[in-house]
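The values are calculated or read from the model by the stated rules, or taken from the named source; none is laboratory data. Please read all numbers here as calculations on a predicted model, not as lab measurements. Cβ placement follows ideal geometry from the backbone for every residue including glycine, while neighbour counts extend to all protein chains displayed.
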């Protein structure tokens with residue numbers, strides 16, 4: 001059953017509820033952004049960690065290879081980072097704090113959006129919407145973590161240490177580093193929503209598992225093309241993105257098959 005009291009709200013009443021929700025979201029995000037701005041050393045230590053030669057991902061890779069019986073160690077490297085404009089460091093600090101504030105506040109933002117939409121749902125829809133919201137957020141976080149711990153550091157290591165000649169030294173601007181970091185992280189978080197999208201499309205009858213299975217080859221080509229577009233211009237990062245995306249596609253086929261069986 002729908003919430004009858006909510007249905008009696010006027011259009012202006014709904015706008016007032018929306019306005020209050022947006023103010024709460026902005027307020028919480030601003031608080032987190034200010035806190036992150038103030039703990040500059042900790043925040044930037046986390047942000048710049050993937051650029052270090054001894055990042056945690058490399059240490060675990062070394063341990064795994066050594067456990068297999070090989071004496072392997074990654075070479076040390078140093079990539080200088082510079083700021084070319086007078087205000088670039090300060091402005092990057094501000095914008096990055098806002099970005100991280102939004103990321104940390106994302107559970108609260110999702111909760112507010114869920115509460116706003118909840119009165120418009122039927123009782124059986126409310127039950128499933130909780131699971132859907134949890135799955136969406138979990139997939140987003142998995143995509144973000146994968147970008148932070150695997151895709152971005154390996155991409156940075158390859159591109160940052162690549163040199164056409166010994167005379168050419170690589171110096172990366174701070175804005176370039178942060179732009180690549182944030183864009184790749186957000187894109188991976190969004191792309192990991194593929195199973196949810198396929199589930200919705202399967203429920204409304206637009207796709208089914210037979211179609212998804214039939215066009216696997218085309219899907220692999222499209223996923224590879226998308227990976228090449230959204231990642232830095234190197235084959236290593238493209239491969240690292242392509243594999244998990246195709247795995248998500250296979251997972252989506254399984255989900256579509258389950259949906260189709262239930263509806264039959």
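List of remarks:
- Of the helices (runs of 4 or more DSSP H) lying entirely inside the range 86-202, those carrying at least 1 residues that are within 20 Å of residue 252 (Cβ to Cβ), in contact (Cβ under 8 Å) with a residue 40 or more places away in the chain and within 15 Å of the chain's Cα centre (by Cα) are 123-146, 174-191.
- Looking across the range 54-67, just one residue is exposed (fewer than 14 other Cβ atoms within 10 Å of the Cβ) and touching a residue at least 60 places away in the same chain (Cβ under 8 Å), and that is 56.
- Yes/no for residue 135 being surrounded by 11 or more Cβ atoms within 10 Å (Cβ to Cβ), under 21 Å from residue 44 (Cβ atoms) and touching a helix residue (DSSP H, G or I) at 6+ places or on another chain (Cβ under 8 Å): no
- From the list 70, 74, the one residue that fits, being assigned to a loop (DSSP other than H, G, I, E, B) and either surrounded by 12 or more Cβ atoms within 10 Å (Cβ to Cβ) or at pLDDT 85 or above (or both), is 74.
- Any hit, the range 87-109, residues being in contact with a strand residue (DSSP E or B) (Cβ under 8 Å, 6 or more places away or on another chain) and under 23 Å from residue 178 (Cα atoms): yes
- From the options 61, 25, 36, residue that is within 22 Å of residue 161 (Cβ to Cβ), at pLDDT 85 or above, under 23 Å from the mean Cα position of the chain (by Cα) and outside any loop (DSSP other than H, G, I, E, B): 61
- Total residues in the range 207-223, condition loosely packed, with under 12 Cβ neighbours inside 10 Å and within 26 Å of the chain's Cα centre (by Cα): 3
- Just one of the numbered conditions (1) touching a helix residue (DSSP H, G or I) at 6+ places or on another chain (Cβ under 8 Å); (2) more than 24 Å from residue 132 (Cβ to Cβ); (3) surrounded by fewer than 17 Cβ atoms within 10 Å (Cβ to Cβ) is not true of residue 241: (3).
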